[in-house]
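Single-structure report; data block below.
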């Protein structure tokens, strides 16, 4: 069996093997190499073809004896084929990948001013696609040079913003290179990052009602094109959407929110069992870290200490993929938690009548009362959630969520 794979510096969270398993019958490995290992690997490595990712898309070019027209024009290689005589042929399937992403996003660039964040290999590809699509003014923002992050205010009139940097990528979630609200004319945002599913840049775009898309579509589309080069087989473009939907669904967490005592933990356990997913209870993580019960934390350390600990643990858990997460009832009282959840999660509000809520082991329900908590929190649950479910038994509620998700 022929061997293909992905060459990069840090690949532990790559989805490429999973994608290529859906594209063809061949072995696909991860080749994690340091810069000083590249020459030996490219000249003597055992592979028939490789994809290339950050930070080597330009670095590998001198090792390629021949280049495709598109790779030569762009000045970046992300796919290498080892020919029968051992010669390395460099190509660029990112061009097809980004072109497909741009088309699927519905974001128009013809006649527009487009700001690209970053000047690496992916940026070169994006520029070439934008030129072909008729973008009127393409500005590349880098750390140095005439257009940089210190004078980015010169370009607050941009119509479209495209991030090609790793800023905001897992595990450094929550970071962004700019304040999107400064770009009052912006009507479209694209981010080549796909983990998390929503970077800070994309979360800001969603909040402002700006059309946006993450990089999962680009990743799968370029992989489809690479697979065709590897095997010589032509694949229908419909397979791209199928794989994007499958991986996106598997990556996405399902986070349960709702009043204290509504059954988030038991429903979460039932749902995780139905979907064969890992279950995480935020309150359990808090008590484990604090080495005391929630009642004791409130009594000994106060609510602020508890909320800070809750936020820290939620920040860690929300970076992960494919979980069922049960949150505490008061998670919505800190607005920063909404972004933590939404970066990777579909949020479900479990709605149970107040008369059915248990207050056992729930300090605020006992001291303040469910009615007063509900007045404060119910509007937030409804605002934060993607959909709400009327609770019955934990098993029935889990089945209802599964049915709505279409899993």
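Structure values in brief
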quantity	calculated
Odd one out for residue 53 among (1) at pLDDT below 95; (2) over 23 Å from residue 216 (Cα atoms); (3) touching a strand residue (DSSP E or B) at 6+ places or on another chain (Cβ under 7 Å)	(2)
Some residue of the stretch 350-358 being touching a strand residue (DSSP E or B) at 6+ places or on another chain (Cβ under 9 Å) and modelled with pLDDT of 95 or more	yes
Residue satisfying condition, being in contact with a helix residue (DSSP H, G or I) (Cβ under 6 Å, 6 or more places away or on another chain), over 30 Å from residue 31 (Cβ atoms) and at pLDDT 95 or above, within set 114, 126	114
Subset of the stretch 234-251 that is farther than 18 Å from residue 406 by Cβ and touching a residue at least 40 places away in the same chain (Cβ under 8 Å) - its residue that is nearest to the chain's Cα centre (by Cα)	240
For residue 202: the one exception among (1) in contact with a strand residue (DSSP E or B) (Cβ under 8 Å, 6 or more places away or on another chain); (2) part of a helix (DSSP H, G or I); (3) surrounded by fewer than 22 Cβ atoms within 10 Å (Cβ to Cβ)	(3)
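One line per residue, one yes/no per condition, for (1) within 21 Å of residue 315 (Cα to Cα); (2) in the same structural domain as residue 102 (by TED's automatic domain parsing); (3) more than 14 Å from the chain's Cα centre (by Cα):
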{"site": "172", "(1), (2), (3)": "yes, yes, no"}
{"site": "181", "(1), (2), (3)": "no, yes, yes"}
{"site": "186", "(1), (2), (3)": "no, yes, yes"}
{"site": "260", "(1), (2), (3)": "yes, no, yes"}
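The values are calculated or read from the model by the stated rules, or taken from the named source; none is laboratory data. It should be emphasised that the depicted structure is a prediction, and the values quoted were computed from it without experimental measurement. With ideal geometry, Cβ positions are generated from the backbone for all residues, glycine too; neighbour counts draw on all protein chains shown.
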